[in-house]
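Throughout, read-outs are computed from the coordinates displayed, never taken from laboratory work. In this text, all values refer to a predicted model and were calculated from it rather than measured experimentally. FYI the Cβ positions are ideal-geometry reconstructions off the backbone, even for glycines, and counts take in every protein chain you see.
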Amino acid sequence: MQFKEDELRQFSQMVWQSILGLDIKPSDRPFNAGEDQTEGCVQITGAWRGMVTLSCPGELARKVAEIMFHLEPAEVSSEEVQDAIGELANMIGGNLKALMPPPCELSLPIVALNGHKLHFPMTERVCQVTLECMDHQFQLTILKQKESTRRIFSF
C-alpha cells in the first residue's frame, strides 16, 4: 500500500478542523522534537500491518485537550492530554484504515507523555509529514511492519 503525503495532510486537516476547529498547514521547517513531546499511536493489523503516530510538543497537546474537552488551561490533566492525543491519532488512523485492503482493524491508542518515546522495532517509515498549528509543529508518520518480520512477529 502506497501512501502519499498529500493524503496524510488532507486527513489531518479534516480531523483537526472538524474536531478542534483549528486550521493546520504544512511546515517548511525541520521538525524538532523537544523534551516535552507527546506521542500518540494506533496500530493497524490485518491485511496491512503498521501504525500511525502523532508527535507534538506538550504545549500543543495541552491546548488540544483544552479545546477538545472545553476546559480552562488550569483544568487540563495528563489523562485528558492522553485522551485528546490518542483520539486524534485514532481518528487519523481510522481514515487511513479505510484505504487499506480488508480485513483490517485499528488498535486502541497508545500515548507517551513528557518526552517519553514510543519505539517500534522492525518497522519502516513509509510516509511522514510535518505540520503547524498555532505556531507549533507536529509530525505524523505512517510506519509499516517490515516484510521480513511478518513470519516471526505479529502485533
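Multiplying the residue separation of Gln128 and Leu99 by 0.36 nm and removing their Cα-Cα distance gives an extension gain of 8.8 nm.
Once the Cα atoms of helix 58-69 and of the chain are each reduced to a long axis, what angle between those two axes, in degrees from 0 to 90 to the nearest 10, is obtained? Taking Cα atoms only, the helix is inclined about 80 degrees. Backbone amide hydrogens, once placed in the peptide plane, bring Val126 within less than 5 Å of Ile142, Leu143, Lys144, excluding anything fewer than 5 places away on its chain. Ordered by the number of other Cβ atoms lying within 10 Å of each residue's own Cβ, fewest first, Cys104, Cys56 fall into the sequence Cys104, Cys56. Applying a DSSP loop filter and a limit of 16 other Cβ atoms within 10 Å to the GluC sites (Glu not before Pro) in the range 1-75 leaves Glu35. The angle separating the long axis of helix 5-15 from the principal Cα axis of greatest extent in the chain is about 50 degrees.
Helical content alone sets the calculated 222 nm signal of the chain at -9000 deg cm²/dmol, taking -39,500 (n - 2.57) per DSSP H segment of four or more residues and averaging over every residue.
Treating the beta-carbon of each Lys and Arg as +1 and of each Asp and Glu as -1, no other charges, what is the dipole magnitude of the range 1-129 about its Cα centre, to the nearest 20 debye? So the magnitude is around 540 debye. The convex hull defined by the C-alpha atoms of the chain has an orientation-averaged projected area of 8.9 nm².
For Glu147 and Leu108, the difference between the fully extended length at 0.36 nm per residue and the C-alpha to C-alpha distance is 11.7 nm.
Once the trypsin sites (Lys or Arg not before Pro) in DSSP loops with at most 12 neighbouring Cβ atoms within 10 Å are cut out of the chain, the longest remaining piece is 5-116. Distance between the 7 Å Cα→Cβ label points at Phe69 and Lys25: 3.1 nm. By the Kirkwood approach, averaging reciprocal distances over each pair of separate Cα atoms, the range 1-82 gets a hydrodynamic radius of 14.5 Å. Show which lysines lie in cross-link reach of Lys146 when reach means a straight Cα distance below 24 angstrom and same-chain residues fewer than eight apart are skipped. Partners found: Lys4, Lys97, Lys117. Between Ala47 and Lys117, what FRET efficiency comes out of the Förster formula 1/(1 + (r/R0)^6) with R0 = 30 Å and r the beta carbon distance, rounded to 0.05? Using R0 = 30 Å, I get an efficiency of 0.55. Taking θ as phi - 60° and the Karplus parameters 6.51, -1.76 and 1.60, the scalar couplings of the range 133-139 work out to 8, 6, 6, 10, 8, 9, 10 Hz in sequence order, x denoting glycine and proline.
Candidate cross-link partners of Lys25 among the aspartates and glutamates, defined by an alpha-carbon separation under 14 Å and a same-chain spacing of 8 or more, comprise Glu5, Asp6, Glu7, Glu132, Asp135.
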